[in-house]
Amino acid sequence: MLSHPKLAESAVQSFLLEGLNWLDAGVNIIKLDQKLLRSTLSLAEQRELILNSAEVFLQFPLYWYSAPASLAQWQEELFTDKFVHDLQEKNKVQPATLAAVISMADKSADFGAGARIGRTISELLSPFQAFAEKVGFSYRKPFIIEQFNYQTPKQQERTLIEYLMYIADADASFEQRSEWLLAQLTKIEQTANSAILRDYLQQQLDEYRLLDATLGEIKNDRE
């Protein structure tokens, strides 16, 4: 669920949407600010899609420490009492996950006690955690993209790779990250666009393997 009032003008959202083409698994994208809520799927179709999804992503910019208005409107219109009950019953048997991808103009270091913004990001996003618990979703740690427009091209490439790992749920361990990166390298080499991202993916894979080996040595020394 992508909520952005000026999606066509957003460099970060355009970058992320284009990057989703690299994923093998299909990702259904509902853009909430293009003819609000009903431009691609009806509310009934959206409910059916959510009921049959293992993971639901909310993707939006952090405006004034909250989400754009369309996301709240979407929640209000979509999550009727009956649908909430249906979700709760479904999640008792097949628990789904709610995840959030947040872009923001501030630095993460600016949040928290004693910082410029005296609230943590987790505190600001706590309504979404409460919402997840209400409908029976497990709540996944949000993926935060900070100051994308000030990132160098290399930093943006890293952001994209980390984002795709998050969407693919391949970011929980070094082993998962390495396997995912290797799979993407193999896929890229089989396409006409073999030069795109290959070097960066290989660099990331090498870094993860080196770090994993280093942590293993430290663990062995302590034992």
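Surface exposure of the stretch 90-146, expressed per residue as accessible area with a 1.4 Å probe, stands at 53 Å². In this calculation the C-beta distance from residue 43 to residue 11 is compared with R0 = 30 Å, giving a FRET efficiency of 0.50. Note on residue 79 and residue 151: their simple-model spin labels are 2.8 nm apart, each label 7 Å out from Cα toward Cβ. Our summary of shape: the Cα atoms of the stretch 69-126 have principal axis extents of 42, 25, 17 Å, ordered from largest down, in whole angstrom.
Using a probe radius of 1.4 angstrom, the carbon and sulfur fraction of the accessible surface of the stretch 90-152 is 51%.
Computed from label points 7 Å out along Cα-Cβ, the spacing between residue 51 and residue 27 is 2.6 nm. With R₀ set to 22 Å, the beta-carbon distance separating residue 172 from residue 94 gives a calculated FRET efficiency near 0.65.
Among residues other than residue 126 with Cβ under 11 Å from its Cβ, the summed charge is -1 (Lys and Arg +1, Asp and Glu -1).
For the cross-link pairs 82/141; 31/154; 107/134; 6/31; 107/141; 6/134, the ones whose C-alpha atoms lie over 22 Å apart are 82/141; 31/154; 107/134; 6/134.
Percent of Cα pairs in the stretch 34-113 per distance bin of 10 Å, from zero to the largest separation: 15, 42, 29, 14, 1.
One equal scatterer on each Cα of the stretch 32-185, no solvent, Debye formula: the resulting log10 I(q)/I(0) at q = 0.08, 0.10 Å⁻¹ is -0.27, -0.43.
Coupling constants for the stretch 75-87 follow from the phi torsions by the Karplus curve (6.51 cos²θ - 1.76 cosθ + 1.60, θ = phi - 60°), and in residue order they are 4, 5, 7, 7, 8, 6, 4, 5, 5, 4, 4, 4, 5 Hz; glycine and proline get x.
The values are calculated or read from the model by the stated rules, or taken from the named source; none is laboratory data. The structure displayed is predicted, hence computed values, not measured ones. Reconstructed Cβ throughout: ideal geometry from the backbone, glycine too, with neighbour counts over all protein chains shown. Ligands, DNA and RNA are excluded from the accessible area calculation, which covers all protein heavy atoms including side chains. Shrake-Rupley method; radii C 1.70, N 1.55, O 1.52, S 1.80 Å.
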